[in-house]
Amino acid sequence: MNIEQARFNMVEQQIRPWNLEDQDVLNLLFVVKRESFAPTNLRALAFADTELPLEGATDRDYRPAMLAPRMEARILQALAMKRREKVLEVGAGSGYMAALLAAHAERVWSIEIDAGLAEVARANLRRSGIENVTVETGNGLEGLPTQAPFDVIVLSGAVAEVPHVLLSQLKSGGRMLAFVGEAPSIEMQSITRDGDKYTIKNLMETEVEPLRHAGSTARFSF
């Protein structure tokens, strides 16, 4: 398998045609090696346009997965990351999205509810030489008040509604990327904060797995 050709095909044939026009995002996908964050036995599929099941979760009932490459790219394009931003990611998974976010961020805090998967993410980031990501173990839907406020918050799985505690940890002028709703109707949303006002933009309908305990936190009414 020609890894670099597979990576080129992923970016140019799968991702770019899917309304991905941000060249900085496309360039980043060549730099951060997706296969380094995929399970060893699935690395040949790291460039396929599909979610990849992850290994290492302590909870055997937990079925985490890497998002499909074009979804990861769409998240980055929607966020339009700026230099030196503080980022909170809910759901570390394999650590790949945190690695992408870290390319522009000052610091990324990624919270993973499963201790085994959190260690997988730490190991992947360490092997990739990424030093500005901290992976915490806990319920990311409660946020990380000790490090708040954040310029950017990313939910890497779906929630029925947006938790109030997360919105309260967003800076004024900051933005959140969230998947909101329940299958089969889930909206990818961009949420921006201006003081006490929150503006929602629906970006697309999609299907992603829900975050664990997505119904266990207080909700926010716009």
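The values are calculated or read from the model by the stated rules, or taken from the named source; none is laboratory data. Given the structure is predicted, the values throughout are model-derived calculations rather than measurements. Don't worry about glycine lacking a Cβ; one is built from the backbone with ideal geometry, like all the others, and counts go over all protein chains shown. We work out accessible area using only protein heavy atoms, side chains counted, and drop any ligands, DNA or RNA first. Shrake-Rupley method; radii C 1.70, N 1.55, O 1.52, S 1.80 Å.
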Selection from the stretch 143-173 of residues that are free of Cβ contacts under 8 Å to residues at least 40 places away in the same chain and within 15 Å of the chain's Cα centre (by Cα): none
Selection status of Gly116, within 19 Å of Leu203 (Cβ to Cβ) and open to solvent by 10 Å² or more (accessible area, probe 1.4 Å): no
Which numbered condition Val108 fails, given (1) in a strand (DSSP E or B); (2) more than 14 Å from the chain's Cα centre (by Cα): (2)
Of the criteria (1) closer than 22 Å to Arg193 by Cα; (2) more than 15 Å from the chain's Cα centre (by Cα); (3) open to solvent by less than 10 Å² (accessible area, probe 1.4 Å), which one Leu88 fails: (2)
Those residues of the stretch 5-46 which are in a loop (DSSP other than H, G, I, E, B) and within 21 Å of Ala123 (Cα to Cα), in sequence order: Val32, Lys33, Ala38, Pro39, Ala46
Residue in the stretch 105-112 that is touching a residue at least 60 places away in the same chain (Cβ under 8 Å) and surrounded by fewer than 23 Cβ atoms within 10 Å (Cβ to Cβ) present: no
Those residues of the stretch 183-203 which are more than 18 Å from Leu144 (Cα to Cα) and surrounded by 13 or more Cβ atoms within 10 Å (Cβ to Cβ), in sequence order: Ile186, Glu187, Met188, Gln189, Ser190, Ile191, Thr192, Tyr198, Ile200, Leu203
Residues of the stretch 174-204 that turn out to be modelled with pLDDT of 95 or more and on the phi > 0 side of the Ramachandran plot, as a count: 1
Scope the stretch 29-47; condition in contact with an Asp or Glu (Cβ under 9 Å, 6 or more places away or on another chain) and either of a type in the set (Val, Ile, Thr) or buried (at least 19 other Cβ atoms within 10 Å of the Cβ) (or both); matching residues: Leu29, Arg34, Thr40, Ala46, Phe47
Filtered residue count, the stretch 128-142, keeping only those that are closer than 17 Å to Ala99 by Cα, within 15 Å of the chain's Cα centre (by Cα) and open to solvent by less than 50 Å² (accessible area, probe 1.4 Å): 3
Evaluation of Thr50 against (1) crowded, with 17+ Cβ neighbours inside 10 Å; (2) part of a loop (DSSP other than H, G, I, E, B); (3) of a type in the set (Val, Ile, Thr) (one fails), failing number: (1)
Members of the stretch 137-168 that are more than 18 Å from Glu85 (Cβ to Cβ) and of a type in the set (Asp, Glu): Glu142, Glu161
Some residue of the stretch 72-82 being in contact with a Ser or Thr (Cβ under 6 Å, 6 or more places away or on another chain) and of a type in the set (A, V, I, L, M): yes
Verdict on Ile15 being farther than 22 Å from Ile111 by Cα and either open to solvent by less than 50 Å² (accessible area, probe 1.4 Å) or among the aromatic types (Phe, Trp, Tyr) (or both): yes
